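Enquirer: Handing you a structure now.
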Amino acid sequence: MEPLGDLSVDSGYDLVAAGKISHLDAPYLDYQYWYGPLGPLLLGALYEVLGIGVGPSVALGLVLAVTAVALTYVLARRLVAPAPAALAATLAAVPALSNTNISYVQPHTLAVPLGMVLVLVAVLAAGRVADGAGRRWLTVAGICMGLTALTKPEVFGALALALGAGSRCAGGPPRPVAAGARWPTPHWWR
């Protein structure tokens, strides 16, 4: 059993992981990491620009917290009047700015605040598509959902189940899959 306060396993491990990325170590290969790679990769890139330290991590966390609260207000505003939307944003601010390890400012893992911001942007983009704003918003939603999948690897299983259920409801798999076409794969995956 590891002692509490050990940065190799406890809160703050994303800071250590990002520092390792900044020194060209790869998550999962050069050190053990349990979440999706997006958080430490983003923080590692920030470390390359600003230097390794708690300051850049807190700055990123504050940006994510403020963004999540603002996006919550914008999304709620699509559905309700300003006062209830402000209440929703206030409720979103409680965990985002708390003093625990679930805070978005200095979280246990960046997977949660990054995933939340990306999902909120995806939902807002999907709302724009529903409003008839154009297909580019569908692309934005897709990119955000893809990036969200990079925050938690288990999302891929849920996504596969959702796609399977959706194709069943639509009368079978999409035509290229039904015809036996192969999905394109990146060269590094082969």
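The values are calculated or read from the model by the stated rules, or taken from the named source; none is laboratory data. A quick note: this is a predicted structure, and the numbers were derived from the prediction, not measured. In this analysis, Cβ positions are derived from the backbone assuming ideal geometry, glycine residues included, and neighbour counts consider all displayed protein chains.
Enquirer: Select from the range 75-89 the residues that are in contact (Cβ under 8 Å) with a residue 12 or more places away in the chain and either surrounded by fewer than 16 Cβ atoms within 10 Å (Cβ to Cβ) or among the polar types (S, T, N, Q) (or both) and list them in ascending order.
Expert: Within the range 75-89, Arg78, Ala86 qualify.
Enquirer: Report whether or not Ala59 is surrounded by fewer than 15 Cβ atoms within 10 Å (Cβ to Cβ) and either over 28 Å from Asp30 (Cβ atoms) or modelled with pLDDT of 90 or more (or both). Talk me through it step by step, then tell me what you get.
Expert: On the way: surrounded by fewer than 15 Cβ atoms within 10 Å (Cβ to Cβ): yes; either over 28 Å from Asp30 (Cβ atoms) or modelled with pLDDT of 90 or more (or both): yes.
Against the criterion (surrounded by fewer than 15 Cβ atoms within 10 Å (Cβ to Cβ) and either over 28 Å from Asp30 (Cβ atoms) or modelled with pLDDT of 90 or more (or both)), Ala59 qualifies.
Enquirer: Something else now. Restricting the search to the range 27-37, which residues are within 19 Å of the chain's Cα centre (by Cα) and surrounded by fewer than 20 Cβ atoms within 10 Å (Cβ to Cβ)?
Expert: Within the range 27-37, Tyr28, Trp34, Pro37 meet the criteria.
Enquirer: Let me ask something else. For the range 82-113, how many residues meet the condition of being under 21 Å from Lys152 (Cβ atoms) and not in a helix (DSSP H, G or I)? Steps first, please.
Expert: Kept after step one, since they are under 21 Å from Lys152 (Cβ atoms), are these residues of the range 82-113: 92, 95-96, 98, 100-113.
So of that shortlist, the ones also not in a helix (DSSP H, G or I) come out as 98, 100-110.
Total satisfying the criteria: 12.
Enquirer: Among the candidates Ala18, Ala70, Ala59, Ala45, which residue alone is in contact with a Phe, Trp or Tyr (Cβ under 6 Å, 6 or more places away or on another chain) and part of a helix (DSSP H, G or I)?
Expert: Ala18
Enquirer: Which condition number does Ala85 fail, the rest of (1) under 15 Å from the mean Cα position of the chain (by Cα); (2) at pLDDT 95 or above being met?
Expert: Failing condition for Ala85: (1).
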